[in-house]
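Data block below; observations after.
The values are calculated or read from the model by the stated rules, or taken from the named source; none is laboratory data. These numbers were taken from a predicted model, which means no experiment stands behind them. Reconstructed Cβ throughout: ideal geometry from the backbone, glycine too, with neighbour counts over all protein chains shown. Surface accessibility is based on the protein's heavy atoms, side chains included, excluding ligands, DNA and RNA. Shrake-Rupley method; radii C 1.70, N 1.55, O 1.52, S 1.80 Å.
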Amino acid sequence: EATIEVTGLRKRFGRTQALDGMSFTVLPGQVTGFVGPNGAGKSTTMRVVLGLDSADEGSALVGGRPYASLRRPLSHVGALLDAGALQPSRTARNHLLWLAHSQGLGAGRVDEVIEQAGLATAARRKAGGFSLGMRQRLGIAAALLGDPPVLMLDEPFNGLDPEGIVWIRGFLRSLAAEGRAVLVSSHLMSELQDTAGHLVVVGRGRVVADTSVADLITTA
Ligand code: ADP
Ligand code: ADP
């Protein structure tokens, strides 16, 4: 079951209440836009879903299960955080081969995800010389390695050129049309309004609006 269910997450960093009752569901088959200003809690939510941060309260489930209980996590959920951590001295292709190997996924999909992410001409260049846009593409390729039913991408539009933004919009929609649950964050509504069918708008660690884009446009 391709879903993300976030229920009542609360998380404090010192005096900062980063998450203050964050709750929403991401369903398969459409792009869910996760929109809100910087500091609203989007990255923290994704990190909690991935078990990289622990919540003080609440639960986060991927396909009905906690991330920590997934035996092959990359086959369940692919994530792009921080424009994809990469190893600067490796070529893009070797980075993906290493990642596939270290996750027990095999090399079978490496060339396919390179193609999907539009990296074919750059795959044998060292990732350390990549622009932010190219790093985003490499991070997206890495997220797709396990062919996961659930994808979480944190600010994937950052650093992409206009052509890359057009590409990623269509690509995200096609991934969702294949039946995946796709959660995409942005601090700009304009980046998501033509891409997301479902919008979760957040501020100060909680959801302030949760709506289908069709409803938003007809009531506007
Ligand atoms: P967004 O992704 O929406 O920009 P974040 O989840 O990154 O928001 O941040 C939410 C709040 O939590 C912000 O006030 C941020 O400064 C704070 N925060 C996030 N991570 C940490 C951390 N590791 N230590 C201290 N504060 C943090
Ligand atoms: P994942 O969390 O990777 O989806 P699953 O629990 O769905 O793993 O199991 C995937 C396959 O591996 C299933 O066929 C399941 O029966 C089998 N399996 C699950 N746990 C174990 C285990 N501890 N040892 C051997 N096979 C297992």
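Yes or no, residue by residue, for (1) in contact (Cβ under 8 Å) with a residue 40 or more places away in the chain; (2) open to solvent by 20 Å² or more (accessible area, probe 1.4 Å):
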| site | (1), (2) |
| --- | --- |
| D154 | yes, no |
| N158 | yes, yes |
| I165 | no, yes |
| A181 | yes, no |
| M189 | yes, yes |
| Q193 | yes, yes |
| L199 | yes, no |
Report task. Could you please give the count of residues in region 19-48 that are over 23 Å from S190 (Cα atoms) and open to solvent by less than 10 Å² (accessible area, probe 1.4 Å)? Result -> 1
**Report entry** Within region 1-38, considering residues that are within 16 Å of ligand 2 (Cβ to nearest atom) and of a type in the set (A, V, I, L, M), the one farthest from the chain's Cα centre (by Cα)
**Finding:** A2
Query raised in the report: Using beta carbons and a limit of 6 Å, which pairs, at least six apart or on different chains, have the first residue in region 57-75 and at positive phi and the second one within 16 Å of ligand 1 (Cβ to nearest atom) and among the hydrophobic types (A, V, I, L, M, F, W, C)?
Result: G58/L9
Query - Out of L50, L96, sole residue that is more than 16 Å from the chain's Cα centre (by Cα) and within 30 Å of G129 (Cβ to Cβ) - result: L96
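Return a yes/no flag: does region 98-105 have any residue that is more than 16 Å from ligand 2 (Cβ to nearest atom) and open to solvent by less than 50 Å² (accessible area, probe 1.4 Å).
yes
Conditions (1) within 13 Å of ligand 1 (Cβ to nearest atom); (2) over 21 Å from V208 (Cβ atoms); (3) touching a Lys or Arg at 6+ places or on another chain (Cβ under 8 Å), marked per residue:
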| position | (1), (2), (3) |
| --- | --- |
| F13 | yes, no, no |
| M22 | yes, no, yes |
| S69 | no, yes, no |
| L86 | no, yes, yes |
| R90 | no, yes, yes |
Report task. Restrict the check to region 139-152 and report whether at least one residue is open to solvent by 50 Å² or more (accessible area, probe 1.4 Å) and either without any contact (Cβ under 8 Å) to a residue 60 or more places away in the chain or of a type in the set (V, I, T) (or both). Result -> no
